[in-house]
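The values are calculated or read from the model by the stated rules, or taken from the named source; none is laboratory data. Values in this document were obtained by computation on a predicted structure and should not be read as measured data. A quick note on method: Cβ atoms are made from the backbone with ideal geometry, for glycine too, and the neighbour counts reach across all protein chains shown. Calculation scope for accessible area: heavy atoms of the full protein, side chains included, ligands and nucleic acids excluded. Shrake-Rupley method; radii C 1.70, N 1.55, O 1.52, S 1.80 Å.
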Amino acid sequence: MKKILSFLLIFVCISCTTKTAVPPTRIAKATVTNIGSSSAVDGLNGLDKVSYTTYADYVDKVAGTNSDNTRSEVSGVHDSNAGAQRAAAAPAPNTAAHYPKGDDTRKDDIIAIYYGNKNRPKAGRNELKKLVTHTFKDGHTEWFFPSFLYVEFKTDEGYKFGDNQPGEKGATNKGHWEWLLNRYFSTAYNGGNFDGLKALDECIEDCKKLLGKPAFKHKVYLTVPSPCTDFTEWGSLRINGRTVKIDFRKREHRLAAVKWFVDEVISRFQAQHYKNITLEGLYWVEETTSVTSWHKDSKTGEWTNMTGARYDYIYVDNVRKSNDIIADVCAHVHSRGFKFYWIPFDGAYGNQKWKSLGFDRCDIQTGYFWGTPDLLRASKSLKTMQEARKICDRAVQDGMGVEFEISTDLFVPCYGKLKKTHDIERPYEIVKVKDCKKSPSEMKALGYKQFDHNPCLMQRLKNLMTVFEEQGVFEHCNLSYYENYSILRLCNSTDPEIIKIMDRLARHISRRRAR
């Protein structure tokens, strides 16, 4: 009997020693799961049992850190008494992807291409050429933007790819998500133009004939939809050998759908064998981790945002937003060897915790350029250069990137008259040509000059570049460029003032790329 007990004691000791001897990093790699794993479908019966009442609570439970600073992935299993239970540690985000102040490594410049639904301007190989290369005033041509972000937030019909996105028809289903994938990887050829990523790849190939092979690889980021919570008709997925009807009221289902989309992007991109572009990462479509930027009027019941725009469709009944899956989506993207990228607006819920959430890169919006100042916004809501400086300073200090913003409001024909008192923020009194009741000769007699662009916004464009130069943004930060075809229109302009501005921007990008 004593021999048996001794043998059992030795066996238990060996077992305990074996378990504790496994390095944490090996556990982390072993427990990272893809969409077909059991952890992705645990707890599919019934709604989520965990409530994240505050952002701090969410960060603690979902994107928290252990004492050894190894980020943990939250399991799909929840206990109603214990709350969220952490699974084994997931791979930590690639810290080399963060860019602290003083980092003099090469900085990235990502141009956003709004592409997908039929209402977008063309983004074929011919149109993209002005974004791939830039010809300076003196006639010489150089490579221009090195990275491209493809963005779409709604379908042709108006179904939206996220709770916070504008879309009058409501949530997108699996068929819509597949439509977006098909748009990314379209091989359609129309009138000498390819579509989607094929157009960019072929455009770069064309430009190589003039400039030779670039010293860098052009990078691509693709947008990942955010599940519209409380949506129950998304469709089905084959998970763990069985077909499951996806219900976005359940956290595990929202996560499973996004993982499926991420995996589809990666496999489809790899299958294309593009010659000139590489998939660098993915982009989270929501610009906030909640809907706190939208406000419901207690009297009218209407939802409006900070510019006063009405929102046509929104969920209202205690909806849990999809911010509770971001940390796990980040971990999944990292497990596949890619980066995850975010562009929140200044003041967006969660933007200060972007590293804790797991994002490799976060470019903050300054909001400085938005709105035609004299027409769409009141004076008190117009951001100043000083406010833009503070946002840029924070980005430099915190290792964030910054978004360079230009809207198509710039190209609205206007009458402008210089103010008597100098105003650096909006130097002209503005009247839209289409809204003017007087004739051009009458406006001229009143001291107004006619412009084919808004001169106040032209000044704000110059101001924004000046702020970036003064605050060291071009030296220390990654940059993304909100384009929506406004930069493309600037590149095609023959206006000497605009040519000077675009040459100034292109020189900055060229210097950053050459580091």
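Pairs from the table (Lys122/Lys154; Lys118/Lys160; Lys275/Lys500) lying more than 22 angstrom apart at Cα are Lys275/Lys500.
Between the amide H of Arg361 and those of Phe340, Trp342, distances stay under 5 Å, these residues lying 5 or more places away or on another chain, with hydrogens modeled in the peptide plane. Computed from the Cβ-Cβ distance with R0 of 22 Å, the FRET efficiency linking Thr421 to Glu469 stands at 0.25.
Multiplying the residue separation of Ala215 and Tyr189 by 0.36 nm and removing their Cα-Cα distance gives an extension gain of 6.5 nm. Across region 133-139, computed HN-Hα scalar couplings (Karplus, 6.51 cos²θ - 1.76 cosθ + 1.60, θ = phi - 60°) run 10, 10, 9, 7, 4, 7, x Hz from first to last residue, x flagging Gly and Pro. Residues in region 187-243 average 44 Å² of solvent-accessible surface per residue, probe 1.4 Å, ligands and nucleic acids excluded. The modelled label-to-label distance for the pair Arg249/Glu387, using points 7 Å beyond Cα in the direction of Cβ, is 4.0 nm.
Return the whole-Å distance between the Cα centroid of region 477-495 and the Cα centroid of region 151-200. Cα centroid of region 477-495 versus Cα centroid of region 151-200: 22 Å apart.
Solvent exposure of region 424-515 amounts to 46 Å² per residue of accessible area, where only protein heavy atoms count and the probe is 1.4 Å.
How big is D for region 424-479, in µm² s⁻¹ as a whole number, if Stokes-Einstein is applied with the Kirkwood radius of its Cα pairs at 10 °C and 1.306 mPa s? My calculation gives 117 µm²/s for D. In this structure, the amide hydrogen of Thr133, modeled 1.01 Å from its nitrogen in the peptide plane, lies closer than 5 angstrom to those of Phe144, counting only residues at least 5 positions away or on a different chain. The fraction of all Cα pairs in region 369-515 landing in successive 5 Å bins from 0 to the largest distance is 2, 9, 17, 20, 20, 15, 9, 5, 3, 1, 0, given as whole percents. Taking 0.36 nm per residue of separation and subtracting the current Cα-Cα distance, fully stretching the chain between Gln450 and Asp206 would add 84.0 nm.
Provide the FRET efficiency to the nearest 0.05 for the Lys438-Ser493 pair, computing r from the beta carbons and using R0 = 22 Å. Calculated value: 0.20. Karplus-based coupling profile of region 325-342, in residue order and whole Hz: 10, 4, 4, 6, 5, 4, 4, 5, 4, 5, 5, 8, x, 10, 9, 10, 9, 8, with θ = phi - 60° in 6.51 cos²θ - 1.76 cosθ + 1.60 and x standing for Gly or Pro. Put simply, the amide H of Tyr485, placed in the peptide plane, has neighbours under 5 Å in Tyr114, leaving out anything fewer than 5 places away on its chain.
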